[in-house]
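Remarks on the structure that follows.
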Amino acid sequence: MSLTTAAKTTKLAFVGIVVFILVYFMGAFFLAPAAKNAWKAMFPPKNPPNPAFGLLEPIQFEPQKILNTESPKYTLFTSDGKLPANLPQRMKVYKYIKTPFSYEAGKRAARNAETLGFSEDNLTTNLKGDVYTWVEPLTGANLTIDTNTQELNLRTPQTSLTGKYPEGSMDRTSAKAIAKNVLQNIGRFSDPLYLRGSQEVNLGSVENGVIEYTSYAGEAEIGMVEFFREIEDFPIVGPNHGRGLVRVYVGKKEVDRDAVGNVLIHPHIEYNVREIQTQTRATYPVIPVGTAWNQVIQDNAVISYVKPNTQSPFQEYKPVEIAEILVNDISLAYYDDSEEQLYLQPVYVFEGNYIGPNNEKGSISLYYPAVSGEYVKQVESEPLE
């Protein structure tokens, strides 16, 4: 073969390769999607989504504050260095059961207060409103009950707990049993998902008017029990990923016949539960995990939980500065808002660890909505003045 012939052959081959590449990419961008849509039209999926509730309200997250002036760096740090490949493409959406109106709600709240150790004389609000408050003067314990939502909060100053419980009197098994009994006594442990759910226990001792975490049962005086629930093997998470929407502190003090004794058995109760209709036909498409991860690295996810390694489970979080977030686990869950919402919706949960600017370390979790955007109502922006 002459050099001229070889050059012509090479030139034709080069042109052919260029034409092939152009045709391939044009097909990938224009023909393939059209063919795919036509195929779906002729052969629809056997189990298509059923968005029975129509457009969903956007989830109103409650982000944890951090001290950053710039976005942290996000690093994928899973065991294989990859995003999970086995997550579902669609998820069910569940409806909340609205709390029925009851003329007896006020009386029931008063009975709950009495069971918890508050007398009628401790009531500080009138009976015409929806929220009742009691204050026990000897301990400073404050009890609030919302008669519409059944939300209940009891808080006792930690300074009132010093010297009230024998050292070594509490263990994890006893803490769970006492906490369940307290909730049952006030009619707040009947939700089937909580009955089948799990509990997490932390033990503490009261030192100088402050509850300190202890891992040694011989020092334990008080137990903090958090209740969690799940639905069809998916966890139900709250605004703070590491915190249950039902939380009870319990102590093993001998039951006195006065109000103070009863209050100190359960000095702290947080109860914020909305029952879920567990039967549903509604299913919604879930955005790909890669799309959700791209939103995370663009700093569009919501930080839902931050716990420095130096922070006790009994301490409240104080904002920290975060330089880098290492995500080592990605999953789907359902978001249970602390405020009233119509539907229980799925979210992506990104869990991992963070590193501060001075090498401080801790645990962290982030949320991102999982339902595909075309099935969620758009938030209207406020007009500029």
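The values are calculated or read from the model by the stated rules, or taken from the named source; none is laboratory data. Keep in mind that what you see is a predicted model, and the values were worked out from it rather than measured. Every residue, glycine among them, receives a Cβ derived from its backbone with ideal geometry; neighbour counts consider all protein chains shown. Heads up: the accessible areas ignore ligands, DNA and RNA and are worked out on the full protein's heavy atoms, side chains in. Shrake-Rupley method; radii C 1.70, N 1.55, O 1.52, S 1.80 Å.
Of (1) touching a residue at least 24 places away in the same chain (Cβ under 8 Å); (2) surrounded by fewer than 19 Cβ atoms within 10 Å (Cβ to Cβ); (3) on the phi > 0 side of the Ramachandran plot, THR159 satisfies all except one. Which?
(3)
How about the range 192-203: which of its residues are outside any strand (DSSP E or B) and open to solvent by less than 50 Å² (accessible area, probe 1.4 Å)? Steps first, please.
Kept after step one, since they are outside any strand (DSSP E or B), are these residues of the range 192-203: 192-197.
Listed by number, the residues that qualify are LEU193, TYR194, GLY197.
Limited to the range 67-92, what total is found for residues that are of a type in the set (Val, Ile, Thr) and open to solvent by less than 50 Å² (accessible area, probe 1.4 Å)?
As a first pass, look at the range 67-92 and keep what is of a type in the set (Val, Ile, Thr): 69, 75, 78.
Still in the list and also open to solvent by less than 50 Å² (accessible area, probe 1.4 Å): 75, 78.
Qualifying residue count, the range 67-92: 2.
So which residues in the range 162-202 are in contact with a Pro (Cβ under 7 Å, 6 or more places away or on another chain) and at pLDDT below 95?
none
Name the single residue that is modelled with the lowest pLDDT among those in the range 238-263 being closer than 30 Å to ALA301 by Cβ and open to solvent by 10 Å² or more (accessible area, probe 1.4 Å).
Applying the filter and picking the extreme gives GLY242.
Yes/no per residue for (1) farther than 16 Å from SER312 by Cβ; (2) in contact with a Ser or Thr (Cβ under 9 Å, 6 or more places away or on another chain); (3) at pLDDT below 95:
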position: GLY204; (1), (2), (3): no, yes, no
position: ASN208; (1), (2), (3): no, yes, yes
position: PRO235; (1), (2), (3): yes, yes, no
position: THR280; (1), (2), (3): yes, no, no
position: TYR284; (1), (2), (3): yes, yes, no
position: GLY290; (1), (2), (3): yes, no, no
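When VAL206 is evaluated against the numbered criteria (1) among the hydrophobic types (A, V, I, L, M, F, W, C); (2) open to solvent by 50 Å² or more (accessible area, probe 1.4 Å); (3) in contact with an Asp or Glu (Cβ under 7 Å, 6 or more places away or on another chain), which criterion, by number, is the only one it fails?
(2)
Taking the range 119-153 on its own, how many of its residues are in contact (Cβ under 8 Å) with a residue 12 or more places away in the chain, part of a loop (DSSP other than H, G, I, E, B) and over 16 Å from ARG188 (Cβ atoms)?
7
Please state which one of GLU374, GLU340 is at pLDDT below 95 and surrounded by fewer than 20 Cβ atoms within 10 Å (Cβ to Cβ).
GLU340
Taking the criterion of being part of a loop (DSSP other than H, G, I, E, B), open to solvent by less than 40 Å² (accessible area, probe 1.4 Å), of a type in the set (A, V, I, L, M) and within 29 Å of ILE186 (Cβ to Cβ), would at least one residue in the range 273-290 satisfy it?
Checked against the condition, which is being part of a loop (DSSP other than H, G, I, E, B), open to solvent by less than 40 Å² (accessible area, probe 1.4 Å), of a type in the set (A, V, I, L, M) and within 29 Å of ILE186 (Cβ to Cβ), the range 273-290 yields at least one hit.
Residue by residue, here is whether (1) farther than 29 Å from GLU321 by Cβ; (2) at pLDDT below 95 holds:
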residue: TRP39; (1), (2): yes, yes
residue: MET42; (1), (2): yes, yes
residue: ALA52; (1), (2): yes, no
residue: LYS65; (1), (2): no, no
residue: TYR74; (1), (2): no, no
residue: LYS82; (1), (2): yes, no
residue: ASN86; (1), (2): yes, yes
residue: ARG90; (1), (2): yes, no
residue: VAL93; (1), (2): yes, no
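Considering the range 156-177 alone, what residues qualify as being among the hydrophobic types (A, V, I, L, M, F, W, C), more than 25 Å from the chain's Cα centre (by Cα) and in a helix (DSSP H, G or I)? Walk me through how you get there before you give the answer.
To start, the set of residues in the range 156-177 that are among the hydrophobic types (A, V, I, L, M, F, W, C) comprises 161, 170, 175, 177.
Among the residues that remain, those that are also more than 25 Å from the chain's Cα centre (by Cα) are: 161, 170.
LEU161, the sole residue that qualifies.
Go through the range 296-334 and give me each residue that's among the polar types (S, T, N, Q), under 22 Å from VAL376 (Cα atoms) and either touching a Pro at 6+ places or on another chain (Cβ under 9 Å) or open to solvent by less than 20 Å² (accessible area, probe 1.4 Å) (or both).
SER304, SER331
Identify all residues within the range 80-110 that are outside any loop (DSSP other than H, G, I, E, B) and either in contact (Cβ under 8 Å) with a residue 60 or more places away in the chain or not basic (Lys, Arg) (or both); write none if there are none.
ARG90, MET91, LYS92, TYR94, LYS95, TYR96, ALA105, GLY106, ARG108, ALA109, ALA110
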